[in-house]
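S.K.: Mind looking over this structure? Questions follow.
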Amino acid sequence: MFMPRFVAAALACALLASTPAGAQAKAFRAAPAQLAASAAASAFDGVVEAVRQTVVAAQVSGAVVQLDAKVGDRVTAGQVLLRIDARAADQNAAASDAQVQAARVSLEVASKDFERQKQLFQKNYISLAALERAESAFKLTQAQVSAQLAQAGAARTQSGFYIVRAPFAGVVAEVPVSLGDMAMPGRPLVTLYDPAALRVTASVPQSVASQMVAGEVAGEVAGQMPRVELPGLPGAAAWVTPSRVQMLPTVDAATHTVQLRADLPAGVIGLPGVGPGMFARLWLSAAQSPDLGLAAATLSVPLKAIVRRAEMTGLYVLDPNGKPVLRQVRLGRTNGDRVEILSGLMAGEQVVSDPQSAARVR
């Protein structure tokens with residue numbers, strides 16, 4: 001006896017609904033998030049920055065008539081980066097120089113006249129009042145010459161502002177102006193940094209900073225050095241031991257964090273890709289952050305379980321019903337075929353190692 005088709009379909013759906021959640025979970029290859037012993041306590045996101053970096057701004061207004069600096073150029077101290085139209089300033093300087101020459105001629109005439117008046121006074125040909133008037137005229141002319149010299153010096157200094165020079169030897173990082181642009185006082189013209197000294201700056205919680213104060217001497221963190229991770233470098237080159245670590249004495253009132261600065265050694269500086277703005281991580285050991293509770297173990301999952309979608313990094317975790325749920329996580333170090341999970345996952349949770357099969361579940 002044959003059953004109608006709709007009866008068979010309804011029976012199949014009922015059998016599927018009565019299947020335990022654990023049986024459905026068996027369709028996914030899952031692995032528990034494991035704890036492993038690790039000496040690293042925690043990682044803090046940071047950025048590579050130059051110890052010496054400056055933004056050269058305009059001091060005067062005028063059109064940019066010469067632009068010799070390009071992004072990536074290496075410049076020396078005092079090298080001309082750009083020029084601003086200085087024709088009006090040069091004319092003012094020339095006019096001041098001419099006024100100085102005229103004042104000097106007047107001083108020469110007043111000096112000779114004063115000498116003649118002194119000789120006439122010694123022969124009793126003029127009165128003392130006439131001599132004093134001649135002396136006053138001479139001193140007045142001297143003061144006028146000094147004033148003209150100062151004014152001419154200010155005009156020459158002002159004229160020098162139209163030539164923008166590199167304050168130190170370095171690399172041009174940014175040139176936000178083009179030929180013909182109008183420069184105004186305070187407008188950035190060139191960004192310059194010194195590639196010989198780089199550091200990693202990271203913000204650490206105040207609780208971690210308080211544990212490090214005990215080993216701090218004159219702002220430099222003593223004891224075991226933290227490690228710097230530069231994910232942009234391949235292999236073992238991504239791990240660097242800083243030459244010096246400094247903790248700033250101020251605390252950010254909004255985030256309650258303290259800035260930690262780690263100077264990069266000379267061997268890392270100059271490698272391709274290492275420059276200001278590069279992403280980095282600062283790893284503190286268990287001895288440096290004992291109250292984080294992460295020194296004994298770190299959480300890791302299979303590397304193939306990680307899902308990357310645009311700016312989101314996550315993985316599929318099985319809920320109590322055995323259904324995969326996409327969850328965002330924060331990754332740490334990669335060790336072989338496993339990757340460390342810094343946040344977003346708890347130990348023992350089942351992680352789907354085949355995210356493609358989990359993505360097809362609705």
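S.K.: At a Cα cut-off below 30 Å, give the lysines reachable from LYS112, other chains included and same-chain residues fewer than 8 away excluded.
M.R.: LYS123, LYS139
S.K.: Between ASP319 and residues 5 or more places away or on another chain, which pairs have amide H atoms under 5 Å apart, with H built 1.01 Å from N, and which residues are they?
M.R.: For ASP319, whose amide H was placed from the backbone, the distant partners under 5 Å are VAL325.
S.K.: Is the shape of segment 87-160 rounded, prolate or oblate, going by the alpha carbon gyration tensor and its root eigenvalues a ≥ b ≥ c, with a/c under 1.5 for rounded and a/b larger than b/c for prolate? All intermediate terms of the calculation are to be shown ahead of the outcome.
M.R.: Values: a/c = 5.72, a/b = 3.89, b/c = 1.47.
Prolate.
S.K.: Now, a different point. Which distance in nm do the two modelled labels at ALA154 and VAL80 give, with both placed 7 Å along the Cα-to-Cβ direction?
M.R.: In this crude label model, ALA154 to VAL80 measures out at 2.7 nm.
S.K.: Residue by residue, what Karplus-based ³J(HN,Hα) values in Hz, rounded to whole numbers, does segment 103-110 have, using 6.51, -1.76 and 1.60 with θ = phi - 60° and x for Gly and Pro?
M.R.: Couplings: 5, 5, 5, 5, 5, 5, 5, 5 Hz.
S.K.: Next up: Could you line up ARG199, ARG83 from fewest to most neighbouring Cβ atoms inside 10 Å? Don't skip to the answer; put the middle values down first.
M.R.: Details: ARG199 23, ARG83 16.
Going from least to most buried by this count: ARG83, ARG199.
S.K.: Amide H to amide H under 5 Å from GLY332: which residues, 5+ apart in sequence or cross-chain, H placed 1.01 Å off N in plane?
M.R.: Here GLU340, ILE341, LEU342 satisfy the definition.
S.K.: Grab the beta carbon distance between ARG327 and ALA98, set R0 = 56 Å, and tell me the FRET efficiency rounded to 0.05.
M.R.: Numbers: r = 79 Å, r/R0 = 1.41.
Here the calculated transfer efficiency is 0.10.
S.K.: For LEU303 and SER207, what does the FRET efficiency come to when R0 = 22 Å and r is the distance between their Cβ atoms, rounded to the nearest 0.05?
M.R.: Details: r = 31 Å, r/R0 = 1.42.
Step by step, r from the Cβ atoms, then E = 0.10.
Quick note: the coordinates plus some simple rules give every number you see, no bench work behind them. This is a predicted model, so every value here is computed, not measured. When we count neighbours, we look across all protein chains shown, and the Cβ atoms used for this are built from the backbone with ideal geometry, even at glycine.
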